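A.B. asks: Attaching a single structure in structure tokens format; questions to follow.
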Amino acid sequence: MKNSNYILLVIVISQFCCTSLWFAGNGVMNQLIETFDLQDDTLGHLTSSVQFGFISGTLLFALFTIADRFSPSKVFFMSAILGAFFNLSLIFENQILVSLLFFRFLTGFFLAGIYPVGMKIATDYYQKGLGKSLGYLVGALVLGTALPHLLKDILLNYSWKNVLISTSSLSVFGGLLMFIFVKDGPYRTQSKGLNLSSCFQVFKNIHFRKAAFGYFGHMWELYTFWTFVPILLVMYRKLHPENIFNIPILSFLIIAVGSFSCVLAGYFSQKFGVKKTAFSFLLLSCICCLVSPWMFQLQNSAFFILFLIFWGMVVIADSPLFSTLVAQNAPLKDKGTALTIVNCIGFSITIISIQIISVLQFSSNSTYIFMILALGPILGLFALGKKRLHK
């Protein structure tokens, strides 16, 4: 195996293991609600807490240019260990909502040293075919995000705490892999010192700015869709009670299938161009948002599930492509900071959409509320259509 392929494999495995922390709380949400006597609308609050922690982490990492000033592999390792610890803290007895929110916040905070830093490490090793490399990397994120739903089903006959123990153990393993086997990449340009304005200066480049706006539109939809996949299935089952299916397994499948489309999008981008491929997938996910209310009316559950699987594919496929466009249009010495600040803003947007859908779903339970997710892709498509980007 060539060294570059070996490095990519290690980065992908590490990313998969560590990002399993992201939805670990969602995977045991019902058990948390029952064990600690929480309200039914806790899902949106705990998910947003992780996102808010991630935003706070990425903001600090960007302001202090952490990934550009220090060895990214060491940053990744320390973040994986600390993220694992705070994820595991959910198993403590006598929790209240505030303590759960606090631990999920800190888990999200240290995910800021995992996801964008993992992308930064990939850009330090790969310049040619970056879109393909990031496709594998984001695919690993998708699998890691989906994993808690699968673990919930596998560990059904055991304590829900085993899901948290498993994901924390995976994070430690992933961090060790990165620390031991991945050194600083050949294309890394170390920042010379602290520059608090770096994360704002990158937006002066119009190509970078507009690539970022496309990403922001994509993020409005993505994490809200992932958060509400189990709810979508529950809503359909209530409308069609004659249908019986395994919600944890289907939730895993609908989210995890996006890992395949991320890799596929990376290869498509090499043939059709990064911008054109990103535009196509963003358009398809926008259409899914708009037609979603009518999909609930389908009597055949297989067609509804196939629709959600397709949505799960197209909703994430453009993510590595937007990251590629951002990286290609950022200064070499500030690439890690650029990726981090764009992640920070993008995940800030997810909190807004998650909370809006959460409030509407809790108050109305209408199937039309998911059309709101189309607003982000529409704005993202407008941004892509109005710019010329490096390809």
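A.B. asks: Which of the peptides 76-86, 271-281, 308-318, 362-372 is most tightly packed, and how do the rest follow, going by the mean number of other Cβ atoms within 10 Å of each residue?
C.D. replies: Details: 76-86: 23.2, 271-281: 19.5, 308-318: 25.4, 362-372: 15.0.
Per-residue Cβ counts within 10 Å, averaged per peptide and sorted highest first, yield 308-318, 76-86, 271-281, 362-372.
A.B. asks: Over 20 Å between Cα atoms, which of LYS132/LYS152; LYS210/LYS335; LYS128/LYS271; LYS204/LYS276 qualify?
C.D. replies: Over 20 Å Cα-Cα: LYS132/LYS152; LYS204/LYS276.
A.B. asks: Order the peptides 296-304, 45-53 from the highest to the lowest mean number of other Cβ atoms within 10 Å of their residues.
C.D. replies: So the order, starting with the most tightly packed, is 45-53, 296-304.
A.B. asks: Right, something else. Find how many whole Å separate the alpha carbon centroid of the stretch 23-94 from the alpha carbon centroid of the stretch 274-347.
C.D. replies: The two parts, judged by their Cα centres, are 22 Å apart.
A.B. asks: Summing Lys, Arg as +1 and Asp, Glu as -1, what charge do residues with Cβ under 14 Å from the Cβ of SER48 carry, SER48 excluded?
C.D. replies: 0
A.B. asks: Using the alpha carbons of the chain, what is the convex hull volume per residue in cubic angstrom, as a whole number?
C.D. replies: Convex hull volume per residue, Cα atoms: 126 Å³.
A.B. asks: For Cα pairs less than 8 Å apart in space and 6+ apart in sequence, what is the mean separation divided by the residue count of the chain, i.e. the relative contact order in percent?
C.D. replies: Worked out over the chain, it gives 28 percent.
A.B. asks: If you don't mind, another one. Evaluate E = 1/(1 + (r/R0)^6) for PHE272 and PHE310, where r is the Cβ-Cβ distance and R0 equals 30 Å; express this FRET efficiency to the nearest 0.05.
C.D. replies: Taking R0 as 30 Å, the efficiency between PHE272 and PHE310 is 0.95.
A.B. asks: May I ask you to list, by number, the DSSP H helices of the chain whose Cα span along the axis is at least 27 Å and whose average Kyte-Doolittle hydropathy reaches 1.0 or more?
C.D. replies: 42-63, 130-154, 161-181, 247-272, 274-295, 335-363
Values in this text are rule-based calculations from the coordinates and carry no lab data. All figures in this text were calculated on a predicted structure; none of them were measured in a lab. Methodologically, a virtual Cβ is constructed for each residue, glycine included, from the backbone with ideal geometry; neighbour enumeration extends over all protein chains shown.
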